[in-house]
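Input: a single structure, listed below in structure tokens.
The values are calculated or read from the model by the stated rules, or taken from the named source; none is laboratory data. Small disclaimer: the values here were computed from a predicted structure and weren't measured. Don't worry about glycine lacking a Cβ; one is built from the backbone with ideal geometry, like all the others, and counts go over all protein chains shown. These accessible areas exclude ligands, DNA and RNA; they are computed on the full protein's heavy atoms, side chains included. Shrake-Rupley method; radii C 1.70, N 1.55, O 1.52, S 1.80 Å.
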Amino acid sequence: MAATVIDGKQVAQQIRDALKKEVAQLQQKYGITPGLAAVLVGENPASKVYVNMKAKACEETGIYSQKIHLPADTPQEKLIELIHNLNADTRIHGILVQLPLPDHLDQHKVLQEVSPNKDVDGFHPINLGKLLSAKFWEELPLFVPCTPAGCIKLIESTGTQIEGKHAVVVGRSVIVGKPVAMLLLAKQATVTIAHSRTKNLKEVCRQADILVVAAGRPKLVTADMIKPGAVVIDVGVNRVGEKQLVGDVDFEAAKEVAGFITPVPGGVGPMTIAMLLKNTVESAKRTVGA
Ligand code: NAD
């Protein structure tokens, strides 16, 4: 039987609708408007698209958004000074620095300068450290990275109980692979992380009740690597040719084997933005004790 396709757009829209109501209530009851600052350095076309999408999503939700576009040759001290100003700006509850940064900037150093209390991307070492030390879901930091958090929401939207399941994550990046593995662990799954040096990827993937793929390799996961009935979350976004976007999973063949599967586009992508909005609203709520 063909898999149920998980509609990420729909799940994300439900979250955004609920947030819109919450934002209106925050304004009414506490007189505050959640605010997000998005910092873009340089002219990376994909980054420009992402920042614009995030700003538009803020506007639709009633969140105040500030887009700050700096030239590609911005010195690191200038960028850090800007981040410090945003840390101190009471209109701003969330700061995101769009990645990747131009080569002359030290990404690690720059991300460390974002206040952990406004780190809506969840990339500050303090928040990543708290994610690592959380044994249970309730102990997670306020901010966890958005794409991994979105993956968990999508798995749960299928009604699948994560606890006790074998989850395999393909990819070990700090942005997706590692945090998604930590979140699955906090949900009490048994977690295997596979990566570019993993031997027998096919056998490893075939053990997965839940398979999350974040490798950035088109069609890396084929139908014969999927356990029948598994939940397959495809994080990959790969540009093929001029316009086509494909994931890391061979969707057409995989959907004949999986139980649930996300499409690309329209799966994980919309969830990343929804979770960013959620983190921003949660941050604003915290400032008024709501
Ligand atoms: P990355 O390049 O930092 O990491 C890729 C990981 O995949 C590495 O850990 C590597 O070991 C592993 N890998 C690569 N080739 C492999 C192979 N042949 N077999 C097994 N593992 C392999 O990438 P990333 O930042 O984690 O992003 C991964 C993908 O997810 C990309 O396509 C990216 O565009 C996409 N992405 C999507 C969203 C979204 O919102 N939809 C957000 C972030 C990233």
Where the only charges are on Cβ atoms (+1 Lys, Arg; -1 Asp, Glu), what is the dipole of segment 185-256 about its Cα centre, to the nearest 20 debye?
260
Past 28 Å, Cα to Cα, is the threshold; run 67/255; 54/109; 9/48 against it and keep the listed order.
67/255
A 1.4 Å probe over the protein heavy atoms gives segment 135-269 a carbon and sulfur accessible-area percentage of 52
Report the charge-dipole magnitude of the chain in Debye, nearest 20, computed about the Cα centre from +1 at each Lys and Arg Cβ and -1 at each Asp and Glu Cβ.
300
Computed over the chain: longest principal axis from alpha-carbon atoms vs helix 45-61 long axis, angle to nearest 10 degrees, is 70
Cβ neighbours within 10 Å, averaged per peptide: list 86-92, 2-8, 228-234 in order, most packed at the top.
228-234, 2-8, 86-92
For segment 115-185 and segment 15-72, compute the distance between their C-alpha centroids and round to whole Å.
22
As I understand it, the value is the acute angle between the Cα axis of helix 8-30 and the longest principal axis of the Cα atoms of the chain; what does it come to in degrees, rounded to 10?
30
Can you work out the accessible area per residue across the chain, with the rest of the protein chains kept in place, probe 1.4 Å, in square angstrom?
48
Report the far tail of the P(r) of segment 31-116, meaning the percent of Cα-Cα pairs longer than 14 Å.
61
Helix-only [θ] at 222 nm, the chain, -39500 (n - 2.57) per DSSP H run of 4+, per residue, nearest 500, equals -13000 deg cm²/dmol
For segment 124-274, restrict the atom set to alpha-carbon positions and state the Rg and Dmax in Å.
14.4, 44
Could you check how much of the accessible area of segment 31-116 is carbon and sulfur, as a whole percent, using a 1.4 Å probe?
55
Which entries of 178/285; 20/285; 135/178 have Cα-Cα distances beyond 19 Å here?
178/285
If you fit an axis through the alpha-carbon atoms of helix 146-157 and take the longest principal axis of the Cα set of the chain, what angle between them do you get, 0 to 90°, nearest 10?
50
What does the accessible area of residue 157 come to, in Å² to the nearest 10, when a probe of 1.4 Å is used?
60
When all alpha-carbon pairs of the chain are counted, what percent fall beyond 28 Å?
38
Percentage relative contact order, the chain, counting C-alpha pairs under 8 Å, at least six apart:
23
